[in-house]
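Please read the structure below before turning to the comments.
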Amino acid sequence: MARADLDKQPTDVRRMFDTVAKRYDLTNDLMTAGIQRSWRRSMVAAVGPGKGDLVLDLAAGTGCSSEPFGAYGATAVACDFSVGMLQQGKKDRPALPFVAGDGTRLPFLDDTFDAVTISYGLRNFVDPVAGLREMLRVTRPGGRLVVCEFSTPTNGAFRSLYMDGFMQALPRIASLTASASDAYVYLAESIRAWPDQPGLAGLIAEAGWQAPEWRNLTGGVVALHRATA
């Protein structure tokens, strides 16, 4: 099965992403009508990369979110636990450094990175707080965390349309390009079950990060959460 369940067993989630890796970037573009590109630009801006910075891009998939950091003189390490995603990423972006790793047991030393970012991946962790603690461990004192994740629209009418309309249609939209549209049933369910903006800020603080704050994008469809080590 390409489908994972909301208990988020790592083996099931890994297998699911292995299955959809080949057309993952294309499907994301289709599902968001290209808006995801502006979300990624906002994520990079929130990180504020500088020349010589070392950035860990966690749950990086094929490296689509990692690649833009190079334009700022920073080095981004794309880390993911889906070997299928990493293999596709190496084909598409051979210059990027890719590392296989579990977000709750990162294969990096303490205080390694100037910044850690994760886009649309934290909600797939079986234990998000454990993952956030690992991100803190590998971040240098004063370093930055940026979490770009689907969230809760702030307008009530739009929230109902998004959660009840678009989320139900998501697997059908994905079926136009994805090889395993059942995976997008899980993705829609995981978005519905994910905490809202204050809820995620609370998890980030619980993990030990300082001064978590957030910025809504597209009316809260996505939120950027930022905090400091």
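Criterion first (surrounded by fewer than 17 Cβ atoms within 10 Å (Cβ to Cβ) and modelled with pLDDT of 95 or more) does Gly73 satisfy it?
Spelling it out, Gly73 is indeed surrounded by fewer than 17 Cβ atoms within 10 Å (Cβ to Cβ) and modelled with pLDDT of 95 or more.
Which count do you get for residues in region 208-229 that are of a type in the set (Gly, Ala, Ser), in contact (Cβ under 8 Å) with a residue 60 or more places away in the chain, closer than 18 Å to Gly142 by Cα and open to solvent by 10 Å² or more (accessible area, probe 1.4 Å)?
2
In region 79-129, which residues are of a type in the set (Ser, Thr, Tyr) and either open to solvent by 20 Å² or more (accessible area, probe 1.4 Å) or in a strand (DSSP E or B) (or both)?
Once the filter is applied, which keeps residues that are of a type in the set (Ser, Thr, Tyr) and either open to solvent by 20 Å² or more (accessible area, probe 1.4 Å) or in a strand (DSSP E or B) (or both), region 79-129 yields Thr104, Thr112, Thr117, Ser119, Tyr120.
Among the residues of region 98-127, which ones are under 15 Å from the mean Cα position of the chain (by Cα), at pLDDT 95 or above and over 14 Å from Gly61 (Cα atoms)?
Ala115, Val116
Check Tyr120 against each of (1) at positive phi; (2) touching a Lys or Arg at 6+ places or on another chain (Cβ under 9 Å); (3) of a type outside the set (Gly, Ala, Ser) and name the one condition it does not meet.
(2)
With the requirement that a residue be closer than 19 Å to Arg37 by Cα and hydroxyl-bearing (Ser, Thr, Tyr), what does region 203-229 give you?
Residue satisfying the conditions is Thr218 alone.
Find all pairs meeting these conditions: Cβ atoms under 7 angstrom apart; at least six residues apart or on different chains; first residue within region 130-144 and within 17 Å of Ala201 (Cβ to Cβ); second residue open to solvent by less than 40 Å² (accessible area, probe 1.4 Å) and small (Gly, Ala, Ser).
Within 7 Å, the pairs are Gly131/Gly103; Leu132/Ala207; Arg133/Ala207; Arg133/Gly208; Leu136/Ala207; Leu136/Gly208; Leu136/Ala229; Arg144/Ala115.
Yes/no matrix, rows are residues, columns are (1) at pLDDT 95 or above; (2) touching a Gly at 6+ places or on another chain (Cβ under 7 Å); (3) buried (at least 16 other Cβ atoms within 10 Å of the Cβ):
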| residue | (1), (2), (3) |
| --- | --- |
| Arg37 | no, no, no |
| Ala45 | yes, no, no |
| Val55 | yes, no, yes |
| Ala59 | no, yes, yes |
| Thr62 | no, yes, yes |
| Ser65 | no, no, yes |
| Val77 | yes, no, yes |
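Name the residue that is modelled with the lowest pLDDT, counting only residues in region 171-215 that are of a type in the set (Gly, Ala, Ser) and closer than 15 Å to Gly121 by Cα.
Ranking the candidates gives Ala183 first.
Can you work out which of the residues in region 183-207 that are under 15 Å from the mean Cα position of the chain (by Cα) and within 22 Å of Val55 (Cα to Cα) is surrounded by the fewest Cβ atoms within 10 Å (Cβ to Cβ)?
Within region 183-207, the match that is surrounded by the fewest Cβ atoms within 10 Å (Cβ to Cβ) is Leu200.
The values are calculated or read from the model by the stated rules, or taken from the named source; none is laboratory data. All values reported here derive from a predicted model rather than from experimental measurement. So basically every Cβ, Gly included, is an ideal-geometry build from the backbone, and we count neighbours across all protein chains shown. Side chains are part of the model used for accessible areas, which takes the heavy atoms of the whole protein and leaves out ligands, DNA and RNA. Shrake-Rupley method; radii C 1.70, N 1.55, O 1.52, S 1.80 Å.
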